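Before any comments, here is the structure.
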Amino acid sequence: MKPFTYERPRTAADAVAAVLRKPGGRFIAGGTNLLDLMKLQVETPGHLVDVQDLGFNKIEPTPDGGLRIGALVTNTVLAADPRIKRDYGVLSRAIVAGASGQLRNKATTAGNLLQRTRCPYFYDTNQPCNKRQPGSGCGAIGGASRGLGLMGVSTSCIATHPSDMAVAMRLLDAKVETIDDVGTVRSIPIADFHQLPGTTPHIETILRPGELITGVELPRPLGGRHVYHKVRDRASYAFALVSVAAVLQRDGSGRVAVGGVAPKPWRVEAAEPLLRRSSESFANSLLSGAAPTEDNHFKLALVERTLAGILHEVRA
Amino acid sequence: MEFSAPSPDNAIDQLKIVGKPTTRIDGPLKTTGSAPYAYERHDVAADQAYGFIVGAAIAKGTIKAIDLREARAAAGVIGTVSTLDYSPLALGPMNTANLFGGAKVEHYHQAIAVVVAETFEQARAAAALVRVDYARSEGEYSLDRAAHTAVSVPPEEGERRAVGDFPSAFAQAAVTIDREYTTPGHSHAMMEPHATIAAWEKGRLTVWTSNQMIGWGKRDLCKAFGLKPNQVRIDSPYIGGGFGGKLFVRSDVMVAALAARVVGRPVKLALHRPLIINNTTHRAATRQRIRIGAERSGKIVAIAHDSISGNLPNGKPERSVQQTTLFYGSANVAVDLRMAQVDLPEANAMRAPGEAPGLMALEIAMDEMAEKLGLDPVVFRIMNDTQVDPTKPDRHFSERNFVECLRTGAERFGWSDRPAKPASRREGRWLIGMGMAGGFRNNQLQPSAARVRLRRDGKIIVETDMTDIGTGSYTIIAQTAAETMGVKLTDVVVVLGDSDFPVSAGSGGQFGAVNSTSGVYAACIKLQSLILERLGFDSADATFVNGKIQVGSRSVTLKEAVQSGELLAEDGIVYAKGYEERAQQSTFAGHFVEVAVDSFTGETHIRRMLAVCDAGRILNPITARSQVIGAMTMGAGAALMEELVVDTRFGFFVNHDLAGYEVPVHADIPHQEVIFLNKVDPWSTPMKAKGVGELGICGVAAAVANAVYNATGVRIRDYPITLDKYLANLPRPD
Amino acid sequence: MNGSGKWRVSRRGVLAGGSASAAMATMLDAQPSHPRRQADIPVYDVSFTVNGEPRTLSLDPRTTLLDTLREHLQLTGTKKGCDHGQCGACTVLVDGFRINSCLSLAVMHEGDRVTTIEGVGSPDHLHAMQRAFVQHDGFQCGYCTPGQICSAVAVLKEIEAGVPSHVTEDLTATCVPSRAEMRERMSGNICRCGAYANISDAMAEVAGVNV
């Protein structure tokens, strides 16, 4: 871990100013991912701006019947909130499918969205990785890629986004609220928040330098049945091979978003009418254009089968 | 005490304390965080500096230069050590890969430098400033590519690889199978990283480290640093897991010792977790072929087992075939052990080396053969039991109750309820299956010594360099001393892991418990004679009961016996030459598993596990059971998730941390039942016990694999049995 | 230091500027002939309580809560298994919540209430959970054990508080401390010795669960 300086401002304006003022400035909240990567020098911030006092730790109703989740609300608090459990079950279920109780007690809503990939080549600084060190190549392509992506990937990078929570957020059409150094507030649809790698896999989100996430807004509840099925090699405390978030209505309509397959939560709204037909036809449409490796080809079938299981349970 | 014949009745047979369920005497320390592990010794060696190891970034090649200037100039740095400043340190007989010194890189993350600083944070940051210039060499990193170059490893002395005429018998057998199986590399993944505090004082080296085999460690440190035995001390009272990964001193000890000499201060360091998997040793991957020929009745007439593993030059093979010459009766047996050179990190012992991967294959093959014969797999195994060593039919097993393990297990588990036809039982979306396997592991005899003192307060102090790696050594040694000396458990103090104490068997090969307690028993018997001598009692009639020595009507308390000064006895158990050859000492198990497989996703959940173990007398049913359930858990990991993933281009284990190398978590493991037959084996030692800590893993993975087959109808011969391997053939619900 | 008044840099080192960039520049200029350079990185004061005792420390900001406990306060009951949030051996309670102390900077805990295994109970005064671990042999090598026990104590409270888990069937119903719930919630604490089934028994006893 490289040396850094540290401060703990009281207001968002101070925090944004502070992160821009010093070279290598970074926000830190829960720190569960950032510190992990700093120890490996995958991340090397020169200045840490601790945002824990900024007050973004409430969950409040919005005027149009949704909820606004403060950026600092921890995963545990969010998953346990009675309104989330009742009206956004898929979000609660996605959160508790991820990490461990200890990590969820520290990890925040904003930090969860900003998690970096778990690609082993990204984590090992001896290995080539275009995301970590642009232009160094991709170790995963042609290497060990069983856990990596097949949708939205590029010849530069096949990393996946590791978050479970983000998959549910994508399903719910959440909006990410931010503030920048001149006080501009943005509301970014989650679909636009994470960027595909293309030739610039080191750019992962639409955030601009110094832009601070203040919260996430959930639209009014969808009703329906909420399911999150995460498939992994061990029963808990593991990243997804594939995860499927679904909200399904009585009339057969529904939404589905998938984790573990792409650099962002993978959802194709245009495919969703096919849910009424069959899991196969929906999955074929959702996963069209897939670029699997030999190691992760099984994820195509696994997505379809996981969804088939969900439809089977819900429609039984 | 020399042991040369089956043990007659002795003090242990009283079973007042030995054999009783006894909670660990070190439990209150461990559950409160009060037991000190290697890195935590703030109580020793003042002014400790922190070291951080730099690992090689390439798998094979030469280091052209190491630039330490930036690292040395970094804040807080006290000193640096470079591999280029030393010739390779001399290795002990069990090590293969170079541990430190020289320009040659033999494997990824080999230790090549260490930076020492005032704080851990400074040392870690400065280590990242070490610049290394490498010349890479071509290497072979794929066992599959190298397999055809594998050559047979000559048998060890006394080892028989063949009996009868396998080729003819197999060719003429009515029913045969010929299958190939693969097992991946496994990592010990013990929770405590390898860690050492090293200090030099007047040319004498002391290391506080985490090591299973203190005697070996001392021997190897003497060799590496050219020291005499009285110039080296190892202290390892608590070890946060080993599983074979801490049998031999590793780079942490070597570089801590070098660094401490360089900076003139005690240095402490640990292998950081992402370094451990490639820096240390692992269980080798194997490619195995098994051929079984049988009569239609089910009697095996021919069995052959070939295994290929890879290792560095001069490394040892994974002896996956070693149980196959002893486990099932067959007149015609042939095994072949081959090794190929691969340039991955050193393969070496991990819990039940040989049998663990060997039975992963053999016990699937037995399941397949039973199915082909139309026999129940329990019945098939019972039919092929043997009471003699098949390669030397006049040599019997000391005690062998494998059939009883199977019968007891089948009854307790409800085996008769197993779905006869694979993929035929459903509970909603779940496919349910049961599987079983046999377990086998030899009992090894090793000399083991101890020192026992009767203190003036009447307490018995036991000192031996034996280690407790979670096995329960503290407790069973205390039980042994209490039983022999006729005192309460709380009157015994056990001190372990210090190389200044008599050399014990150490912890490995499931030989720790039985041999170390036998050594303590021997020392106690000697202490008894010293006490009687001092009291002038006739030893023949004396008994040691309730803290007293009684001869006829005379009775003296132990405390009274040492009024004039404490007594100290040192002795150990040694085994007469050739004694082990007289009878084959082995341990046996029947493993039973029930799984549920999600018919949509292929996710497997283990629902129940049962092990029935035949391992001689059980010294402490609580700690022995823990050893077995822990081994069953590790076996479940081997079955379903554990795999060192190799990057065959760059030559390293890719998943080199505890997030990437998945081991079972709480949610994976159901209730586990263990039954001990508790059959006394006087052939083993005065304790009449045998090893059990490795038996528990032997066969478990195959039992899981066979259960998955029973559930799904898809046979996977390539571990771990992950869903991607059978998803395409998994029957869906209608 | 800018910002909060309770935060200040203790410039114990030689740098007046007290910033990492200045320190880096100095490092690059340094000659290898001066290997004994002392720390010139900023040090920060932080105060929190550990097991009820107020503690004030001046720390390199890189120091994790885990290393602060183990190296600075010599409370070595909290273990370092992986230092990357992958094993749970470092679990402590902060303001009643269990966290991985390896993935948390000590300087971020100003004013917090930290409880370590030493604060849960001592060899002479075992906590009920510690006693149950001893009784059911819920450990072997003992290295993950303090983390397991801290987690176990917190898990029972989490269930009581209605925090759902991956195996909670009905999110809106009352959480009950079933075996399945406890196993899932304990899954962030790896035990390579494989004492899981015994830990489950220990927790079940403390929770008063029969099945």
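Overview of values
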quantity	calculated
For region C:42-120: accessible area per residue (Å², 1.4 Å)	23 Å²
Paired Rg and Dmax values of region A:1-120, which use every Cα atom, in angstrom	15.6, 46
Region B:22-109 shape via C-alpha gyration tensor axes, a/c threshold 1.5	oblate
Three-way shape call for region C:42-120 based on the alpha-carbon gyration tensor, with the a/c threshold at 1.5	oblate
Between region B:565-594 and region B:654-677, the alpha-carbon center distance in angstrom	29 Å
Furthest towards positive pole of dipole, A:Gly252, A:Ala15, A:Pro292, structure part chain A, Cβ charges	A:Gly252
Charge dipole (debye, nearest 20) of chain B; +1 at Cβ of Lys and Arg, -1 at Cβ of Asp and Glu	380 debye
Average other protein chain Cβ within 10 Å of Cβ, residues C:106-119	2
For C:Arg183, solvent-accessible area (1.4 Å; no DNA, RNA or ligand), Å²	40 Å²
Aspartates and glutamates whose Cα lies under 12 Å from that of B:Lys268, excluding same-chain neighbours fewer than 8 positions away	B:Glu40, B:Asp47, B:Glu118, B:Asp252, C:Glu71
Placed amide H near B:Phe676: partners under 5 Å, 5+ positions off or other chain	B:Cys613
Pairwise centroid distance, computed over Cα atoms, of region C:150-176 with region B:159-224, Å	42 Å
Cα centroid separation, region A:1-74 to region C:70-120 (Å)	21 Å
Chains C and A together, accessible area buried on both sides, 1.4 angstrom probe, square angstrom	4100 Å²
GluC sites (Glu not before Pro) lying in DSSP loop within region C:78-177, provided at most 11 other Cβ fall within 10 Å	C:Glu169
Of the DSSP H helices in chain B, those whose Cα atoms cover at least 30 Å axially and whose Kyte score averages -0.5 or more	B:512-535
GNM flexibility winner over chain A from A:Gln195, A:Gln102, A:Gln127 (Cα, springs under 10 Å)	A:Gln102
Anisotropy class of chain B from Cα gyration tensor, a/c 1.5 cut	oblate
For A:Phe27, residues with placed amide H under 5 Å, excluding near neighbours	A:Val49
At least 15 Å along the helix axis (C-alpha) and Kyte average at least 0.0, DSSP helices within chain A	A:298-315
Computed [θ] at 222 nm, helices only, for chain B once each DSSP H run of length n ≥ 4 contributes -39500 (n - 2.57)	-7000 deg cm²/dmol
Accessible area, probe 1.4 Å, largest first, for residues B:Lys372, A:Lys106, C:Lys79, B:Lys316	B:Lys372, B:Lys316, A:Lys106, C:Lys79
Region C:124-211, accessible area per residue, ligands and nucleic acids excluded (1.4 Å, Å²)	33 Å²
Accessible surface of chain B [probe 1.4 Å, protein heavy atoms]: carbon and sulfur percent	50 percent
Cα lying deepest toward the dipole's positive end in chain B, options B:His396, B:Gly293, B:Ala450, charges on Cβ	B:Ala450
Over 25 Å between alpha carbons, listed pairs B:Lys202/B:Lys228; A:Lys85/C:Lys80; B:Lys488/B:Lys577	A:Lys85/C:Lys80; B:Lys488/B:Lys577
Per-residue mean of C-beta atoms belonging to partner chains within 10 Å, peptide A:307-313	4
Filtered trypsin sites (Lys or Arg not before Pro), region A:1-87: DSSP coil and at most 15 other beta carbons within 10 Å	A:Arg10, A:Lys58
Unit charges on C-beta of K, R, D, E only; dipole of the protein assembly as shown, Debye	860 debye
Table column - 3J(HN,Hα) (Hz), region B:328-336, Karplus curve with 6.51, -1.76, 1.60, x for Gly and Pro	10, x, 7, 6, 10, 10, 8, 10, 9
Too-long pairs where the Cα-Cα distance tops 19 Å, listed order kept, from B:Lys246/B:Lys316; B:Lys20/B:Lys688; A:Lys131/A:Lys264; A:Lys131/B:Lys64; B:Lys299/B:Lys679	A:Lys131/B:Lys64; B:Lys299/B:Lys679
Total accessible surface hidden between B and C, rounded to 100 Å², 1.4 Å probe	5500 Å²
Sequence-distant residues sharing a close amide H with B:Val494 (under 5 Å, placed H)	B:Val462
Accessible carbon and sulfur surface of chain A relative to its total accessible area, %, 1.4 Å	51 percent
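The values are calculated or read from the model by the stated rules, or taken from the named source; none is laboratory data. Treat the numbers as computed from the prediction; the structure is a model and nothing was measured. So basically every Cβ, Gly included, is an ideal-geometry build from the backbone, and we count neighbours across all protein chains shown. To get the accessible areas, we keep the full protein, side chains included, count just its heavy atoms, and leave off ligands, DNA and RNA. Shrake-Rupley method; radii C 1.70, N 1.55, O 1.52, S 1.80 Å.
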